Amino acid sequence: MSDPVYQDGVLAHGTRGERERLRLLEQLNDPATVAVFEQLGVAADWHCVEAGAGHGSIARWLAARCPDGRVTATDLDTALLEASPVPANLTVARHDVTRDDFPAGSQDLVHARALLGHLPDPELALDRMAGWLRPGGWIVVEDPTYLPAAASPYPRFAELLEACQQLLARTHGTDHSWARRIPAAMARAGLTDVGMTIRVAVCGTDDTEDAFWRRCFAQATPGLIATGLMTAEQITAAVAHLDDPAFTDTAWMMVSCWGRRPA
Ligand SMILES: C[S@@+](CC[C@H](N)C(=O)[O-])C[C@H]1O[C@@H](n2cnc3c(N)ncnc32)[C@H](O)[C@@H]1O
């Protein structure tokens, strides 16, 4: 069986609502990503690759931070990146991270968020991306993972999160357990100074977080029903938790990891 194709799945850029979902993803996760970049000391003359750049907020942040350097934002589909004016030091490139390369040793920073977990072999992609780093350069990889569904006091909500993971595994080949393996994979790739931090997404108390999950569930609904993973009634009952003022639970955790090519 051939690997699932990202652009044919429920997260394809052309899917209704995907642009807004990516915008919310950025709003929720950019502060933690930028905090890691600040900690690493991203400098004005750095050359950076933002792989699987999506809507592009991080690529634009890097371009502003590196006025004497160069940032390349890549994606399978670059339409969202090109939808607003592109700064002079930002290059937008259609690029498949599983096949296309950058010159070895050419980058000070390579970043990928919510990308590698969707790929058929994330460890291979990490190895290849680490090869783009100059000696002393940093790679930052961020991916989400979930707490065990059985631990939730809201079984219907947990069942919906679980079903969405199964749908993504079928349509995109997504493996959300990958996130926990990133530091070990970085060490195996020969990277040093490996570190990790985690942002937990809390649902029920944050309008932006809830808006993001409502979008995820809306996009997943046709697939969940068509594959028999859930009925429309089960989905409605699970999503209704977000309208309950007493509801608070976690959805996923965004794991951020960094490592450095030895100098
Ligand atoms: C979930 S989105 C995350 C977007 C962005 N990194 C963020 O965190 O805001 C994943 C992005 O990776 C892109 N993508 C998926 N497979 C890819 C591949 N093989 N090569 C390059 N980009 C890919 C998708 O088109 C999409 O824009």
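The values are calculated or read from the model by the stated rules, or taken from the named source; none is laboratory data. Note that the coordinates shown come from a computational prediction; the quantities given were computed from them, not determined experimentally. Cβ atoms come from the backbone with ideal geometry, glycine included; neighbour counts cover every protein chain shown. With ligands, DNA and RNA removed, areas are computed over all heavy atoms of the protein, side chains included. Shrake-Rupley method; radii C 1.70, N 1.55, O 1.52, S 1.80 Å.
Quick notes on this structure:
- Those residues of segment 1-18 which are assigned to a helix (DSSP H, G or I) and either open to solvent by 20 Å² or more (accessible area, probe 1.4 Å) or free of Cβ contacts under 8 Å to residues at least 60 places away in the same chain (or both), in sequence order: Tyr6, Gln7, Asp8
- The residue pairs whose first member lies in segment 228-248 and is in a helix (DSSP H, G or I), whose second member is aromatic (Phe, Trp, Tyr) and surrounded by 18 or more Cβ atoms within 10 Å (Cβ to Cβ), and whose beta carbons are closer than 6 Å, counting only pairs six or more residues apart or on different chains, are Ala238/Phe157; Val239/Phe217; His241/Tyr154; His241/Phe157.
- All of Pro144, Pro135, Pro153 fail the test of being of a type outside the set (A, V, I, L, M) and part of a loop (DSSP other than H, G, I, E, B), apart from Pro153.
- Filtered residue count, segment 154-172, keeping only those that are of a type in the set (Gly, Ala, Ser) and open to solvent by 30 Å² or more (accessible area, probe 1.4 Å): 1
- Boolean, Leu119 is touching a helix residue (DSSP H, G or I) at 6+ places or on another chain (Cβ under 7 Å) and open to solvent by less than 30 Å² (accessible area, probe 1.4 Å): yes
- No other residue among Arg199, Arg188 is under 17 Å from the mean Cα position of the chain (by Cα), modelled with pLDDT of 95 or more and open to solvent by 30 Å² or more (accessible area, probe 1.4 Å) apart from Arg199.
- Residues that are under 15 Å from the mean Cα position of the chain (by Cα) and within 10 Å of the ligand (Cβ to nearest atom), drawn from segment 97-118: Val97, His111, Ala112, Arg113, Ala114, Leu115, Leu116, Gly117, His118
- Trp46 meets each of the listed conditions (1) of a type outside the set (Gly, Ala, Ser); (2) more than 16 Å from the chain's Cα centre (by Cα); (3) closer than 21 Å to Ala211 by Cβ apart from (3).
- On the stretch given as segment 24-60, residues that are more than 10 Å from the ligand (Cβ to nearest atom), in contact with a helix residue (DSSP H, G or I) (Cβ under 6 Å, 6 or more places away or on another chain) and on the phi > 0 side of the Ramachandran plot total 0.
The rows are residues; the columns are (1) within 25 Å of Asp30 (Cβ to Cβ); (2) at pLDDT below 95; (3) open to solvent by 20 Å² or more (accessible area, probe 1.4 Å); (4) within 16 Å of the ligand (Cβ to nearest atom).
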position	(1), (2), (3), (4)
Ala79	yes, yes, yes, yes
Glu82	yes, yes, yes, yes
Glu123	no, no, yes, yes
Arg128	no, no, yes, yes
Pro135	no, no, yes, no
Val140	yes, no, no, yes
Leu147	yes, yes, yes, no
Ser152	no, yes, yes, no
Ala179	yes, no, no, yes
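- Residue within segment 234-252 that is within 17 Å of the chain's Cα centre (by Cα) and surrounded by 17 or more Cβ atoms within 10 Å (Cβ to Cβ) present: yes
- Gly54 satisfies every condition listed in (1) touching a strand residue (DSSP E or B) at 6+ places or on another chain (Cβ under 9 Å); (2) at pLDDT 95 or above; (3) open to solvent by 30 Å² or more (accessible area, probe 1.4 Å) except (3).
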